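The values are calculated or read from the model by the stated rules, or taken from the named source; none is laboratory data. Fair warning: this is a prediction, and the values are worked out from it, not measured in the lab. Because the Cβ atoms are built from the backbone with ideal geometry, glycine has one as well, and the counts that use them run over all protein chains shown.
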Amino acid sequence: MSEAAPLPPPYELSVVIACYHEAGHLRDSVAQLCETLDATGRAYELLFVEDASGDDTAAIVADLVRAAPHRRAVYHRQNVGRGGTVAEGFQLAQGRIVGFLDIDLEVHCRHLPSILAAIDAGADGATAFRHYDTSWRPNSLLRQLLSRGYRWLFRRLFAVPFRDPEAGFKFFVRERILPVVRATQDRGWFWDSEIMILAHRAGLRVVEVPCRFERRADKQSTVRIVRDVWRYLVAIRAFRARSRRPHA
């Protein structure tokens, strides 16, 4: 008796939306994202992972998923961190392609068709390579300089071809990326870099697509520069230590 052929994924695309203190822009950003996704003609699902925000984010998520069969939500009782949140969403996703984008849309969802086109052309994954706006606001300029410094350090420490590993706009063929996701250990912001390194080591072909980054003036960042630079350095050291172990 022959085995039945596996059923195709119920969705062509799963978009994981990691939510932490997003109340000020979440409804509008989701509306823009759905407009972009509807225009692609692909069957898609939205998977919200709410990471114990201290504002009204959880209530807004509950309203957004109500009576919408292609939207699901997970609510954390304690904060897990960006990496753990996105990794959980990837593992719960059902689409043939899975990915996430920062829902503040500082890299706008209008770039999503270009990301998907790279995967349709044969890549295992595609991520944003951010080009910054020309703002000279002191905080914006400092963030740009730190980001470029991190890119330089990353390329010096890890033998991978990526120019913008920490961009919060990544999509992959789900069956190819899930083993990589399960191998990640960082649960904070370094997860973005970790999954890129591990994907490259696993032989996945991941391409970077130029995308414009535009800082939102109406959004208070959850990033704290001194604290997060230190956490990045600690995470890099921990990852390099894990990589030297015989079983890594």
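Looking at the range 1-99, the strands (runs of 3 or more DSSP E) lying wholly inside it that each contain 2 or more residues that are closer than 16 Å to C109 by Cβ, in contact (Cβ under 8 Å) with a residue 12 or more places away in the chain and small (G, A, S) sit at 11-19. Summed over the range 194-217, the residues that are closer than 21 Å to I236 by Cα and assigned to a loop (DSSP other than H, G, I, E, B) give a count of 1.
Of the candidates A43, A59, A39, A93, the single residue that is surrounded by fewer than 14 Cβ atoms within 10 Å (Cβ to Cβ), closer than 20 Å to A126 by Cα and modelled with pLDDT of 95 or more is A39.
Among the residues of the range 209-239, just one is closer than 30 Å to P179 by Cβ, at pLDDT below 80 and among the basic types (K, R), namely R231.
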